[in-house]
Structure formats: structure tokens, C-alpha cells
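K.L.:
Sharing a structure, written as C-alpha cells. Questions coming.
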Amino acid sequence: MSIKFYNTLTRKKEEFKPIDEREIRMYSCGPTVYYYAHIGNLRAYLFMDNLRRVLKYNGYNLKHVMNITDVGHLVSDADEGEDKMLKAAKRENKNPFEIAEFYMKAFLKDIDKLNIDRPEIIARATEHIDIMEEYVKKIIENGYTYETEDTVYFDTSKLDKYGVLSNRNVEDQKAGARVEFDSNKKNISDFALWIKAPENHIMKWDSFFGKSYPGWHLECSAMGYKYLGDHFDIHTGGIDHIPIHHENEIAQSKGFCGKIPANFWMHVEFLQINGGKMSKSLNNLYTLEDLKEKGYEPLVYRMFNFTSNYRNQINFTFEAMDSAKTSLNRLREGYLKHKEGTEEISKEEIEEYEKRFLEAINDDLNMPVAMSVIWDIIKNSKKSKTLANLILKFDEVLGLDLKNYQKPEDDIPEEVKKLVEERNEARKNKNWSESDRIRDILINKGYNVKDSKEGTIIEK
Ligand code: AMP
Ligand code: ZN
């Protein structure tokens, strides 16, 4: 069955065809490791994982690279402000290498907790300085740069077009235009490739430019080239990467070898919180650890992300997390019920589920529709091991780790179970005052009480 992905480069959904059927080559922009990842960042890696899993489900092998930025990323993507790593080092009174080591480990732990499969290659920028140097020398040799005293800049006016992803016009960005910009640059869209290190700068390397360090955008071009070649299948990132970072990657690659490095450019939309931006100052920036403290295991956050397509913004609320938690429990319970079942299911019925599921995931990762197929299976009144196995198969895409799920020990006392049954009976008979009376008893005993189609759900 054909796979369709939305391609930012062509601004439409297109059929995906690998360059080499034997192996899909893919690059994902990874984190800058200067602090803990927040749940917005983690949405980006959940998307990356979802894409990996869909490609694997379709039978493809992958060679997937993700970078770890541990040098050179300024506070603004447009080469302005302080270096994020150095800023963190000052904040924590450590050196930037220690900062990188600490937060890289924290990041890898987070993605493990979310059951995100690690890309085949995780490449740290600081371990590839030599590759970046070779790459930049070629761009210089090809005539796409100019130098000031302390910076080698990419000259975007040398390209046939700069801004192919966001469809921008370089003419609008020429020096002297309305916008103010770094006066050393010839064109507003020019960017730093290599920078001379000031005296007290810790992260610096001996290179053709003296003691210096690379600009942020270079690492993705150079490491992508090293591991995947000058033309590969898919490049992913967040939508914030479109206007600067990915335009600059494309510019670098054109300057290096004249090619746009990837066929498909896929971008994940932002997570919003209560309809707005996440930020430290609004005190609404959460990590996985914060969610855990509030009683949500990481896989609940994974489940929450399936309520929206990756190309839509998704709004984080604790109410939505509560329903994701209920859904995950329902899914687990439903799976276990089928696992214990003995009824027969026809081959046609299974094939129909498989077809619908594949159609959904191959339609630009339409997870809300894929989930609706799963719910239909859960609701199937015939309880069957075949259906449990089908759910496990689909879980290769969902990544909810159902195969390792074990029912927690049942520690609900008999008298409480009896109250739940009595309440269900009262609700069936529309005896609302009795139902409310029992609910209050359960609450007094320390239980959260919720109503669902299946009846009362309690939680300690
Ligand atoms: P950074 O570590 O700051 O380079 O960001 C890592 C990734 O997180 C990038 O791919 C961003 O696009 C992504 N990102 C940052 N904020 C959000 C958000 N609120 N929702 C989704 N992705 C985000
Ligand atoms: Zn990148």
C-alpha cells in the first residue's frame, strides 16, 4: 500500500518512495543539551519515533541519524544572543562539557521512558568537529562565503534561491532593507559558518580559522553527509526549524555539493499549554518528572499525543491527560480481556482491521484514525486471542509496550468492590440519590470516582 507524507518542501502530501528500497535514510534534528527536555520538546521526538515505527511496520529497514547539539547553538536560531551551552554553564557553575554530558544523559533517559526507539546513530556535534571543518572548507572553496575578522559567513545571495522551504525571497532580505541586522553581514539571511573564539571561550578547536568553533547549522549538514550521503530520504524537525535552521542546512548543502539534501522534509507542530505558549515565566513548563509527580506515567503522555495529528497544534491540559490516562487503562484492560478470550474471529474481519489501520498510518501518520480502529477491536464483543495478537501487532506502531504490561496486584478490598457494584446497580435503575450516596462513601474512603460507559471507575 502506498505511503503518503506531507512534504514541507513541496507544500503538499506526496507519495513516499525510498531512494533505495533496501534502506531508508533519515535525519532528525535532535536536542540542544543545556537543560532538561520539556514535554513540548518531547513531542518532537515522539513524532520522530512514530515515523520510524510506521516505516518499519511497512517493512523498511532504517538508517536514522539524530544529532545532539552540544556546542554553538545561540539563544536565537538566527545567530543572535548567547551560546545556550555557555549560558547554562554559567548558571550551574560547571563547564559546558559537563553540562552537555549531564543533560544528554537526562534526555536519553526521557526518551527511553517514553519508549522512543533510539535512532541507529546518535551523533554528538563535539565529536564531529573535523567533519564540519572539511565540510566548511569545501563551501569556502566553492565560493559561497565571505570572511570578517572573526566570522566566516555563508553568502546567501550566491544561491539561485534562498528560502525554498518557507518560500522566502532573498531580495526582501538584502542589506539596507527595512530590518536592522548585524552590520557585518552582506545580506540579512547570511549566517555564521565558523567563528573565531574570544580569549575566554571554553569550547574551541584549532582549525583553519585559528582557535574557533562551528556555527550551529553546520553540524546537521556535515553529520547528515557523513552518515547518509549527499542525498537521503527524509529530514525531520520542529516547525520552528523551517525558516532558519533548515533553510540554512539546505543553503550549506547547496554550497557544498549543489543539492537539497533530503527528498522529504517533515515538521511537527508545537504543543501548546492551556491554549498558549509554554514558558518558565508563566510557570507552565513541564518535564516528564513533573508529570510523574502529578501521577501520570510517561506512556500516558505518549497516549495523549495520539489525539492529534503531528501537523496540528495540540493543547496540553490536565483534563486531557486524565482522559489519556483513562484511555490507556481501557486499552490495557481491553487487551487483557481479549488475551484471555477463546472465541473465533474470521480471517476477513482481521484483514479488514489491518487494512483500515494501515490506511490510517500511511495517510501521513493519521494516528487519531488509527486509534479509532484499535477502539473498534477493543469493543468487539467476541473475546479472542487473535484480536489480542492483532493489538500487539498494531502496538509496534503505537509503542505503548502492551506486551510487557502486567495487571497491578488487585488491592481493592471486597467491601469497596461491593459498593462499586451497588452503585452500578443504582445507576442502572436511575436511582441517582443512592448513586450519589455511595459515591460519597467511596470518596470518604479515599477513592477517586468516575463514570464511564462500562460503569463506575475508582482509583485510589
Ligand atoms: P531545542 O533543544 O531547543 O533545540 O529543541 C528541541 C526540539 O523541540 C526542536 O525540534 C523544537 O522544534 C522542539 N520544540 C520546542 N518547543 C516545542 C513545543 N512547544 N512543541 C513541540 N516541539 C517543540
Ligand atoms: Zn538540525
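K.L.:
Out of the residues in segment 193-221 that are among the aliphatic types (A, V, I, L, M) and modelled with pLDDT of 95 or more, which is farthest from ligand 2 (Cβ to nearest atom)?
P.N.:
If we take residues in segment 193-221 being among the aliphatic types (A, V, I, L, M) and modelled with pLDDT of 95 or more, then Leu193 is farthest from ligand 2 (Cβ to nearest atom).
K.L.:
Which residue is nearest to Leu114 (Cα to Cα), if the candidates are limited to segment 379-410 and must be outside any helix (DSSP H, G or I) and modelled with pLDDT under 95?
P.N.:
Tyr405
K.L.:
Further question: Considering only residues of segment 191-203 that are touching a residue at least 40 places away in the same chain (Cβ under 8 Å) and either acidic (Asp, Glu) or part of a strand (DSSP E or B) (or both), which is farthest from Phe97 (Cα to Cα)?
P.N.:
Among those residues, the one meeting the criterion is Phe191.
To keep it simple, each residue is scored yes or no on (1) open to solvent by 20 Å² or more (accessible area, probe 1.4 Å); (2) within 14 Å of ligand 1 (Cβ to nearest atom).
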| residue | (1), (2) |
| --- | --- |
| Val268 | no, yes |
| Asn274 | yes, yes |
| Lys277 | yes, yes |
| Thr287 | yes, yes |
| Lys294 | yes, no |
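K.L.:
With the structure loaded, tell me whether Ser327 is open to solvent by 60 Å² or more (accessible area, probe 1.4 Å), out of contact with any strand residue (DSSP E or B) (no Cβ under 8 Å at 6 or more places or on another chain), away from ligand 2 (no atom under 16 Å from the Cβ) and of a type in the set (Ser, Thr, Tyr) or whether it fails that test.
P.N.:
So Ser327 fails the test.
K.L.:
So for segment 417-440 (the condition being surrounded by 15 or more Cβ atoms within 10 Å (Cβ to Cβ) and closer than 27 Å to Thr307 by Cβ), does at least one residue qualify?
P.N.:
No; the residues of segment 417-440 include none that is surrounded by 15 or more Cβ atoms within 10 Å (Cβ to Cβ) and closer than 27 Å to Thr307 by Cβ.
K.L.:
For the list (1) in contact (Cβ under 8 Å) with a residue 12 or more places away in the chain; (2) more than 30 Å from Lys17 (Cβ to Cβ), I need the number of the one condition that Lys292 fails.
P.N.:
(1)
K.L.:
Another question about this same structure. Just checking, how many residues over segment 235-266 are in contact with a Gly (Cβ under 7 Å, 6 or more places away or on another chain) and either more than 12 Å from ligand 1 (Cβ to nearest atom) or of a type in the set (A, V, I, L, M) (or both)?
P.N.:
Final tally of qualifying residues: 2.
K.L.:
Sticking with this one: Has segment 315-322 got at least one residue that is within 30 Å of Phe16 (Cβ to Cβ), buried (at least 17 other Cβ atoms within 10 Å of the Cβ) and under 21 Å from the mean Cα position of the chain (by Cα)?
P.N.:
yes
K.L.:
What do you reckon, is Asp70 among the acidic types (Asp, Glu) and modelled with pLDDT under 95?
P.N.:
yes
K.L.:
Can you report the number of residues in segment 93-144 which are in a loop (DSSP other than H, G, I, E, B) and either in contact with a His (Cβ under 8 Å, 6 or more places away or on another chain) or modelled with pLDDT of 95 or more (or both)?
P.N.:
Counting residues in segment 93-144 that are in a loop (DSSP other than H, G, I, E, B) and either in contact with a His (Cβ under 8 Å, 6 or more places away or on another chain) or modelled with pLDDT of 95 or more (or both) gives 10.
K.L.:
Here's something else I'd like to know. Report, by residue number, each residue of segment 304-314 that is open to solvent by less than 70 Å² (accessible area, probe 1.4 Å) and outside any helix (DSSP H, G or I).
P.N.:
Phe306, Ser308, Asn309, Tyr310, Ile314
K.L.:
Right, next: Return a yes/no flag: does segment 204-216 have any residue that is under 28 Å from Pro96 (Cβ atoms), hydrophobic (A, V, I, L, M, F, W, C), open to solvent by less than 50 Å² (accessible area, probe 1.4 Å) and more than 12 Å from ligand 1 (Cβ to nearest atom).
P.N.:
yes
K.L.:
Scan segment 222-271 for residues that are closer than 22 Å to Leu51 by Cα, away from ligand 2 (no atom under 13 Å from the Cβ) and in a loop (DSSP other than H, G, I, E, B) and report the count.
P.N.:
Counting residues in segment 222-271 that are closer than 22 Å to Leu51 by Cα, away from ligand 2 (no atom under 13 Å from the Cβ) and in a loop (DSSP other than H, G, I, E, B) gives 6.
K.L.:
Which pairs do you get when a residue that is without any contact (Cβ under 8 Å) to a residue 60 or more places away in the chain and closer than 22 Å to Met85 by Cα, found in segment 207-234, comes within reach of a residue that is within 16 Å of ligand 2 (Cβ to nearest atom) and assigned to a strand (DSSP E or B), reach meaning Cβ atoms under 7 angstrom, with the pair 6+ apart or on two chains?
P.N.:
Final answer for the pair search is His217/Phe191.
K.L.:
Which of the strands (runs of 3 or more DSSP E) contained wholly in segment 1-51 include at least 2 residues that are aromatic (Phe, Trp, Tyr) and either closer than 23 Å to Asp230 by Cα or touching a strand residue (DSSP E or B) at 6+ places or on another chain (Cβ under 6 Å) (or both)?
P.N.:
Because the criterion is at least 2 residues that are aromatic (Phe, Trp, Tyr) and either closer than 23 Å to Asp230 by Cα or touching a strand residue (DSSP E or B) at 6+ places or on another chain (Cβ under 6 Å) (or both), the strands (runs of 3 or more DSSP E) in segment 1-51 that meet it are 4-7.
K.L.:
Now for a separate question. Restrict the check to segment 443-455 and report whether at least one residue is in a helix (DSSP H, G or I), open to solvent by 50 Å² or more (accessible area, probe 1.4 Å) and in contact with a Gly (Cβ under 7 Å, 6 or more places away or on another chain).
P.N.:
The answer is no, given that none of the residues of segment 443-455 is in a helix (DSSP H, G or I), open to solvent by 50 Å² or more (accessible area, probe 1.4 Å) and in contact with a Gly (Cβ under 7 Å, 6 or more places away or on another chain).
K.L.:
Collect the residues in segment 373-391 that are open to solvent by less than 50 Å² (accessible area, probe 1.4 Å) and under 15 Å from Leu331 (Cβ atoms), keeping them in residue-number order.
P.N.:
Of everything in segment 373-391, those that are open to solvent by less than 50 Å² (accessible area, probe 1.4 Å) and under 15 Å from Leu331 (Cβ atoms) turn out to be Val373, Ile374, Trp375, Ile377, Ile378, Asn380, Leu387, Ala388, Leu390, Ile391.
K.L.:
Would segment 53-72 turn up any residue that is β-branched (Val, Ile, Thr), under 30 Å from Ala197 (Cα atoms) and part of a loop (DSSP other than H, G, I, E, B)?
P.N.:
Within segment 53-72, one or more residues are β-branched (Val, Ile, Thr), under 30 Å from Ala197 (Cα atoms) and part of a loop (DSSP other than H, G, I, E, B).
The values are calculated or read from the model by the stated rules, or taken from the named source; none is laboratory data. Quick caveat: nothing in here was measured; it's all calculated off a predicted structure. Glycine also receives a Cβ, built like all others from the backbone with ideal geometry; neighbour counts cover every protein chain displayed. With ligands, DNA and RNA removed, areas are computed over all heavy atoms of the protein, side chains included. Shrake-Rupley method; radii C 1.70, N 1.55, O 1.52, S 1.80 Å.
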